[in-house]
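So the structure is just underneath, and the comments pick up after that.
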Amino acid sequence: MLTCNDRLSQRALLATAEAKGQNPSMTYPTFLCFLALLEWSLPALQIVANAFADTLDVGAAASLIASSKHMFECMLMSLPHMMTTTDDSCCVLDVITWLKHQSAPINTARFPFIASHVKASYPLFTNVFMAYDLVNLHIFAGNHHQREALGSAVVDWVERGYSDLLGVALEQGIVGQRDLGRVLRRAASCGDTALADLVLDLVSVDDEALCQMVLIGTSTIVLLLSPQHPRNSRVGSCSSKSTADGARSELATLPTFHHVLRLRRQWQSALRVGLSPTLASTPHVGKGRVYLP
């Protein structure tokens, strides 16, 4: 098996499973089942089951693979490489259902989320996220790290132009502040008012932490796009860098919610009339002070 697989991470996990397993050997039909599961292919599983109907205990094979941490992790490591179309984007869910029918369900306490492993197919990501991951969110109700890791996977797709799952992720509270900032940057760079509204509508004057995040995130975008920023200046100088650094520092210490709401109004107005956000909301930098319009 190790010589047939060119994915180093999977080979390492299989070697660990062999070294730690009390009985790492398996029958040839079970081995073929494992190969089919590595590709999340229900048709291949059905072919193996039919071909070895007299000798293969399908339920035992499924239980062996689903209960092994290393084997199932190998299956997850196949997901980033999977390219699917809309027509075959249910392949992962089909295998999950097959495992349940074989009385070998996935250990959701160990593997509550699967969609975050999907990197190459948005239809596949969507199906797994909606049908499997969301159902298991309650398992990590108090584990913000695990939940926000799933939210970060949603934002990864937002940055690639797929934002229809963002509203669901925000409703479930799985998008962390850092990833909210990423969404704002995407909205600013694309002039996407609807995308910006999804985040900005979360801002409450009672939520100091979120207000501060929006203030700093929006102001940083504005500064980086500003002609005064050294990166955008034709002639960089120490004085211009000091001015930009001072502006950034002062923006971070401004009173929170008043400026957040003001930035929100100006930024959204600029986007709606088709202007660059910098034209309406770029802070005036001069003499070491920043003045919001």
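Would you confirm whether or not segment 69-80 contains a residue that is over 26 Å from G151 (Cβ atoms), in contact with a helix residue (DSSP H, G or I) (Cβ under 8 Å, 6 or more places away or on another chain) and modelled with pLDDT under 95?
Within segment 69-80, one or more residues are over 26 Å from G151 (Cβ atoms), in contact with a helix residue (DSSP H, G or I) (Cβ under 8 Å, 6 or more places away or on another chain) and modelled with pLDDT under 95.
Can you tell me how many residues within segment 38-75 are closer than 13 Å to L14 by Cβ and in a helix (DSSP H, G or I)?
9
With the structure loaded, tell me whether L99 is at pLDDT 90 or above and either touching a Leu at 6+ places or on another chain (Cβ under 9 Å) or within 27 Å of Q146 (Cβ to Cβ) (or both) or whether it fails that test.
yes
Scan D197, D164 and give me the residue that is outside the structural domain of W40 (by the TED database), outside any helix (DSSP H, G or I) and over 11 Å from the mean Cα position of the chain (by Cα).
None of the others qualify; the one that does is D164.
State yes or no: is F129 under 21 Å from the mean Cα position of the chain (by Cα), more than 30 Å from R185 (Cα to Cα) and not small (G, A, S)?
no
Quick one: would you say H117 is in contact (Cβ under 8 Å) with a residue 40 or more places away in the chain, buried (at least 19 other Cβ atoms within 10 Å of the Cβ) and either closer than 21 Å to V135 by Cβ or within 18 Å of the chain's Cα centre (by Cα) (or both)?
yes
Is segment 82-98 home to any residue that is in contact (Cβ under 8 Å) with a residue 40 or more places away in the chain, closer than 22 Å to A12 by Cβ, assigned by the TED database to the domain that holds T30 and under 22 Å from the mean Cα position of the chain (by Cα)?
Yes, the conditions are met somewhere in segment 82-98.
Conditions: (1) modelled with pLDDT of 90 or more; (2) under 30 Å from A141 (Cβ atoms). A44 meets all but one. Number of the miss?
Answer for A44: the failing condition is (2).
Only one of these conditions is not met by L93: (1) surrounded by fewer than 19 Cβ atoms within 10 Å (Cβ to Cβ); (2) more than 22 Å from L137 (Cβ to Cβ). Which number is it?
The one condition L93 does not meet is (2).
For G142, work out the one condition from (1) among the small types (G, A, S); (2) in contact with a helix residue (DSSP H, G or I) (Cβ under 8 Å, 6 or more places away or on another chain); (3) more than 23 Å from Y162 (Cβ to Cβ) it doesn't fulfil.
Only one criterion in (1) among the small types (G, A, S); (2) in contact with a helix residue (DSSP H, G or I) (Cβ under 8 Å, 6 or more places away or on another chain); (3) more than 23 Å from Y162 (Cβ to Cβ) is unmet by G142, namely (2).
State yes or no: is A131 in contact (Cβ under 8 Å) with a residue 24 or more places away in the chain, part of a helix (DSSP H, G or I), within 27 Å of E39 (Cβ to Cβ) and in contact with a helix residue (DSSP H, G or I) (Cβ under 6 Å, 6 or more places away or on another chain)?
yes
The values are calculated or read from the model by the stated rules, or taken from the named source; none is laboratory data. Bear in mind the structure is a predicted one, so any value in this text is a computation, not a measurement. As a convention, Cβ positions derive from the backbone with ideal geometry for all residues, glycine included, and neighbour counts pool all protein chains shown.
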